[in-house]
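Below: one structure, written as structure tokens.
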Amino acid sequence: MMSIFSFSKNSFEGQLPDEKTLLVVRKHWIFIFIPLVFILLLMSGIIASGIVLSSFSWWKSLSSLYIFLSLILFLILWNLLFYGIMIYSLNTVIITNKRIIENQQLGLFKHVIKEIELKNIQDISIEILGVFAQFLNYGNIEIQSAGAIAKFNFTRLPNPQKIKNIIVKARQAIL
């Protein structure tokens, strides 16, 4: 019997009995870092503008309106922050000794799971586009399959060559 408390880093929903998790990957950290920094800068700008505006004489008549609008903006930015972290955390690629599973959270209430069995993989290619991608070591992985879905595209993953090597080793182990 499966309990909700038996979850670990190496298990996931829908895992087969003899399946072992080799790697769990999310998009490169830079794709959560940049939006987080932007949102935090906007929040800092709101606070800084309140401090600067408080030095003017007309501030007392508009301060309650400014505080109200600032709180609404903070609420919106807080929700954007939460949404970005949620999407980043829930979008994963799981590589096991039998298959590759892609979990895509496309919104608050839309979730798509795609999977490919390792024995159906025909070709794996990686693509690193641009100077930043080369410097930060992230890229895209494209897997061609003999299954129902012809191509699987995984974008902006860290260490694409390492991921490709893990998939190739796992595929060779089952053949």
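The values are calculated or read from the model by the stated rules, or taken from the named source; none is laboratory data. For clarity, every value in this text was computed on a predicted model and none was experimentally measured. As a convention, Cβ positions derive from the backbone with ideal geometry for all residues, glycine included, and neighbour counts pool all protein chains shown.
Does LEU75 fit the bill of being farther than 22 Å from PRO158 by Cα, hydrophobic (A, V, I, L, M, F, W, C), modelled with pLDDT of 95 or more and not in a strand (DSSP E or B)? Judged against the criteria, LEU75 is a match. In the set GLU127, GLU115, only one residue is of a type in the set (Asp, Glu) and either surrounded by 14 or more Cβ atoms within 10 Å (Cβ to Cβ) or modelled with pLDDT under 95 (or both); that residue is GLU115. Among strands (runs of 3 or more DSSP E) entirely within the range 81-175, having at least 3 residues that are closer than 18 Å to GLU19 by Cβ singles out 92-96, 99-105, 111-117.
Scanning the range 130-160 for residues that are under 18 Å from GLN172 (Cβ atoms), modelled with pLDDT under 95 and either loosely packed, with under 11 Cβ neighbours inside 10 Å or not polar (S, T, N, Q) (or both) turns up just one, ALA146. For the range 95-106, filtering for residues that are within 25 Å of LEU36 (Cα to Cα), in contact (Cβ under 8 Å) with a residue 12 or more places away in the chain and not polar (S, T, N, Q) leaves 1.
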